[in-house]
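Here's the structure, in structure tokens; my notes come after.
The values are calculated or read from the model by the stated rules, or taken from the named source; none is laboratory data. These figures come from a predicted structure and were not determined experimentally. Cβ placement follows ideal geometry from the backbone for every residue including glycine, while neighbour counts extend to all protein chains displayed. Just so you know, the surface numbers come from the protein's heavy atoms only, side chains and all, with ligands and any DNA or RNA stripped out. Shrake-Rupley method; radii C 1.70, N 1.55, O 1.52, S 1.80 Å.
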Amino acid sequence: MNLEIKNVSKTLPEYRQVIDLVKNSFPKEEQYPIWLLKLWALKKNVHFWAYYQNDEFCGVSYLVSHEEMTFVLYLAVNNQVQSKGYGSAILETLKEKFSGKNITLNIERLDPSADNYEQRVKRLKFYKKNGFYDTDYTITDRGETFLTLTTSSFFSVEVFKKVLRELTLGLDLLKIGKSES
């Protein structure tokens, strides 16, 4: 499946739909303000992309790319086309675009007491099916702890810290630690 990529901007006909997808796909406490995402996206290595198949809006990603790693802050599939392979197609597109780099992302940790525990298990299974490994590291952002996954069996926490500092314009907002086993 070949997806077309377009930069997200107000000139995009689906701009409102893209913004709504980001806002509705992630819990409020996991969202950065849209104005901040747009500000960060002015940087050359930060990409806010919408994905299309035959002119149909399929999904969105927000990522920062570094020499060795590309970090996916957000990835969401349009509700109208979910469960049709678009999430896997977006990941495959990212792997092709950033060939030779680790693609790294965070997902909610598997907490059996969480209301959406089943969804968290399915999400981990989805990413593992698409070639992601658990790094045995977590990231804590605004009080929430996430598992860090990557496409390579080798993971450099130092590179990851650089990428995150790059995204946050040098601010050290996030805490990285080893997973508790």
Practice item. Would you check if residue 42 is among the aliphatic types (A, V, I, L, M), farther than 23 Å from residue 96 by Cβ and free of Cβ contacts under 8 Å to residues at least 24 places away in the same chain? Key: yes
Practice item. State the number of residues belonging to the range 1-60 that are open to solvent by less than 20 Å² (accessible area, probe 1.4 Å) and among the aliphatic types (A, V, I, L, M). Key: 9
Check your understanding: Among the numbered criteria (1) farther than 23 Å from residue 37 by Cβ; (2) under 12 Å from the mean Cα position of the chain (by Cα), which single criterion is violated by residue 149?
Key -> (1)
Check your understanding: Does at least one position in the range 8-26 carry a residue that is within 16 Å of the chain's Cα centre (by Cα), at pLDDT below 90 and farther than 24 Å from residue 84 by Cα?
Key -> no
Point to revise | Among the candidates 111, 115, 136, residue that is over 23 Å from residue 29 (Cβ atoms) and over 13 Å from the mean Cα position of the chain (by Cα) | key: 136
Practice item. List every residue pair whose Cβ atoms lie under 8 Å apart, where the two residues are 6 or more positions apart in sequence or sit on different chains, the first residue falls within the range 15-38 and is farther than 14 Å from residue 60 by Cβ, and the second residue, located anywhere, is small (Gly, Ala, Ser) and loosely packed, with under 15 Cβ neighbours inside 10 Å. Key: 29/143
Point to revise | Flag if residue 88 is open to solvent by 10 Å² or more (accessible area, probe 1.4 Å) and either of a type in the set (Phe, Trp, Tyr) or without any contact (Cβ under 8 Å) to a residue 24 or more places away in the chain (or both) | key: no
Review point. Of the residues 127, 137, which is surrounded by 12 or more Cβ atoms within 10 Å (Cβ to Cβ), within 20 Å of residue 61 (Cα to Cα) and at pLDDT 85 or above?
Key: 127
